[in-house]
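The values are calculated or read from the model by the stated rules, or taken from the named source; none is laboratory data. These figures come from a predicted structure and were not determined experimentally. Note that each Cβ is placed from the backbone with ideal geometry, even for glycine, and that neighbours are counted across all protein chains shown. For the accessible areas, the whole protein counts, side chains as well, though only heavy atoms, and no ligand, DNA or RNA atoms are used. Shrake-Rupley method; radii C 1.70, N 1.55, O 1.52, S 1.80 Å.
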Amino acid sequence: MGLKLNAATGIIAGFVLLVGAGGAWLLHSAEPEARALPPESAEAGFALAQPGAAPAPAPAPAPVPSAAAPRDERFVIKRVLPITGPIKYGEWHWDETDTPQGPMVITVDLEARVLSVFRGGYEIGATAVLLGTQEKPTPLGMFPIKWKKADHYSRTYDNAPMPFTLRLTDDGVAIHGTKVEKGYASHGCVGVPTPFAKKLFNVAGVGDKVYITRGKRIAQGDSLVEG
């Protein structure tokens with residue numbers, strides 16, 4: 001649901017898609033050098049073993065470094081949509097061509113004002129969004145989808161329509177369809193164009209994760225669920 005602002009909002013920042021590869025350091029621990037013990041004597045500081053005495057405990061083995069847990073490849077970005085330039089208000093993109101099934105992840109960047117949809121690491125959708133105001137900001141964090149409803153109306157804001165709602169928080173923050181235009185904002189929700197909201201509603205399920213960040217840049221080869 002959108003509300004009209006008196007001041008115009010900023011221009012949408014574009015996606016910055018950087019392709020990079022990271023290297024991992026493999027740690028080794030050197031084994032201690034073996035050496036012979038000196039003869040047992042008082043001068044050497046060693047006490048002679050007494051009959052019946054318990055044997056000295058063996059030294060504890062050196063800890064073995066644990067290997068880093070492998071990344072879940074289902075969440076590694078394998079493809080991004082070929083979008084040139086910043087996404088304008090009301091503009092959206094959707095392409096599921098040649099994308100396999102896999103877990104859904106939705107990302108929202110408050111700085112760029114863009115929502116992206118990934119399935120199995122493949123970006124299948126992207127759109128400009130309406131966000132909250134300083135008085136009613138859109139929250140940061142990770143939010144599993146709590147429930148979804150295609151025909152939903154706000155009980156707080158004059159029964160305003162919120163088509164294809166994906167509820168994120170107990171206090172009413174959701175992703176839903178609305179008219180996305182410059183000069184408008186939400187009461188904290190993430191508003192997307194209604195045709196895009198319908199497509200998203202059809203592929204997203206309860207429990208799917210939505211990551212809302214500010215200015216975080218992700219690129220092909222990065223993990224959607226790490227960092």
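For the stretch 198-212, filtering for residues that are open to solvent by 10 Å² or more (accessible area, probe 1.4 Å) and not aromatic (Phe, Trp, Tyr) leaves 9. Quick check: is even one residue across the stretch 204-215 of a type in the set (S, T, N, Q) and in contact with a Lys or Arg (Cβ under 6 Å, 6 or more places away or on another chain)? No, the stretch 204-215 contains no residue that is of a type in the set (S, T, N, Q) and in contact with a Lys or Arg (Cβ under 6 Å, 6 or more places away or on another chain).
Under the condition of being touching a residue at least 24 places away in the same chain (Cβ under 8 Å) and either crowded, with 19+ Cβ neighbours inside 10 Å or hydrophobic (A, V, I, L, M, F, W, C) (or both), the residues counted in the stretch 166-175 number 4. Exactly one residue out of Pro195, Pro144, Pro137, Pro161 is open to solvent by 30 Å² or more (accessible area, probe 1.4 Å), touching an Asp or Glu at 6+ places or on another chain (Cβ under 8 Å) and not aliphatic (A, V, I, L, M), and it is Pro144. Inside the stretch 90-109, residues that are on the phi > 0 side of the Ramachandran plot and in contact (Cβ under 8 Å) with a residue 40 or more places away in the chain make up a count of 1. For the stretch 180-194, the set of residues classified as at negative phi, under 20 Å from the mean Cα position of the chain (by Cα) and assigned to a loop (DSSP other than H, G, I, E, B) consists of Cys189 only.
Does Ala112 satisfy the criteria of being aliphatic (A, V, I, L, M) and either open to solvent by 10 Å² or more (accessible area, probe 1.4 Å) or free of Cβ contacts under 8 Å to residues at least 12 places away in the same chain (or both)? No: the conditions fail for Ala112. Among residues of the stretch 73-88 that are part of a loop (DSSP other than H, G, I, E, B), those with a Cβ under 8 angstrom from a residue that is open to solvent by 100 Å² or more (accessible area, probe 1.4 Å), sequence gap 6+ or separate chain, pair up as Pro86/Ile11. Take the conditions open to solvent by less than 20 Å² (accessible area, probe 1.4 Å) and polar (S, T, N, Q) and apply them to Thr97. Does it pass? Answer is no for this residue.
Output the number of residues of the stretch 195-214 satisfying the condition of being assigned to a helix (DSSP H, G or I), over 14 Å from Val180 (Cβ atoms) and aromatic (Phe, Trp, Tyr). Number of matching residues: 1. For Gly132, are the conditions met, namely being open to solvent by 10 Å² or more (accessible area, probe 1.4 Å), touching a residue at least 24 places away in the same chain (Cβ under 8 Å), within 21 Å of Thr107 (Cβ to Cβ) and in contact with a Gly (Cβ under 6 Å, 6 or more places away or on another chain)? Judged against the criteria, Gly132 is a match. Against the criterion of being more than 30 Å from Gly221 (Cα to Cα) and either in a loop (DSSP other than H, G, I, E, B) or in contact with a strand residue (DSSP E or B) (Cβ under 8 Å, 6 or more places away or on another chain) (or both), Gly125 does not qualify.
Just one of (1) modelled with pLDDT of 95 or more; (2) of a type outside the set (A, V, I, L, M, F, W, C); (3) part of a loop (DSSP other than H, G, I, E, B) fails for Glu135. It is (1).
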